[in-house]
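Right, one structure below, let's go through it.
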Amino acid sequence: MSEENGKVRKAFYIEEELLVQADSLLRQADVRSRNEFLNQALKFYIGYLTSEKIENYMLSTISSVIHATVKDSENRMARAMYKLAVEVSKLSHVTAYGHEVDEETLRKLQAKCAEEVKRINGAVKFEDAYHYQNR
């Protein structure tokens, strides 16, 4: 076996139909021989397989980073929501203790507050409630 420009001669089998297709594409591939065509095709396919491995690695890496970020955000939001719920509970108990509100008024207030929160998309402001109560 003689080496020419880092190339070695190897024998291999190829399907006749593939050879016919390769021959018909020599001009389109801008090569002068089957040998050049096969070298370019092999380089392309090796690059494709390598990039697919890199892509799969990157996708799994990015996926795990995003998953960890989302999980961290969920934990922070859950802690904030817990603290907020504790504060709302304290406020509710202090308000209920200081005011005598009958069941019917409480039911109407529940309906009004649910409608208001839905309408303002949860962006409750104390100032708005103050102005409403003191108009």
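No value in this document is a laboratory result; all are computed from the given coordinates. Everything numeric in this text was worked out from a predicted model, so none of it was measured. When we count neighbours, we look across all protein chains shown, and the Cβ atoms used for this are built from the backbone with ideal geometry, even at glycine.
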| field | Distance (nanometres) between label positions extended 7 Å along Cα→Cβ at Ser73 and Lys43 | value | 4.3
| Say the cut-off is 24 Å between C-alpha atoms; which of Lys83/Lys125; Lys10/Lys53; Lys90/Lys112; Lys83/Lys108; Lys10/Lys43; Lys71/Lys118 go over it? | Lys10/Lys53; Lys83/Lys108; Lys71/Lys118
| Any idea what angle helix 103-119 forms with the longest principal axis of the chain, computed on alpha-carbon atoms, 0 to 90 degrees, nearest 10? | 30
| request: At 4 °C and 1.567 mPa s, grab the translational diffusion coefficient of the chain from Stokes-Einstein with a Kirkwood Rh over Cα pairs, rounded to a whole number in µm² per second. | output: 56
| request: Could you sort 86-92, 7-13 so that the peptide with the highest average Cβ count within 10 Å comes first and the rest follow in order? | output: 86-92, 7-13
| task | List the equivalent ellipsoid semi-axes of segment 1-60 in whole Å, largest first, each obtained as the square root of 5λ for an eigenvalue λ of the Cα gyration tensor. | result | 26, 17, 12
| Magnitude of the Cβ-charge dipole of segment 21-77, K/R +1 and D/E -1, about the Cα centre, nearest 20 debye? | 120
| field | In degrees, nearest ten, helix 34-98 long axis to first principal axis of the chain (Cα) | value | 10
| What is the distance in Å between the Cα centres of segment 100-135 and segment 23-53? | 71
| query | Based solely on its DSSP helices, what 222 nm [θ] is calculated for the chain when runs of n ≥ 4 H residues each add -39,500 (n - 2.57) and the sum is averaged over all residues, nearest 500 deg cm²/dmol? | reply | -26000 deg cm²/dmol
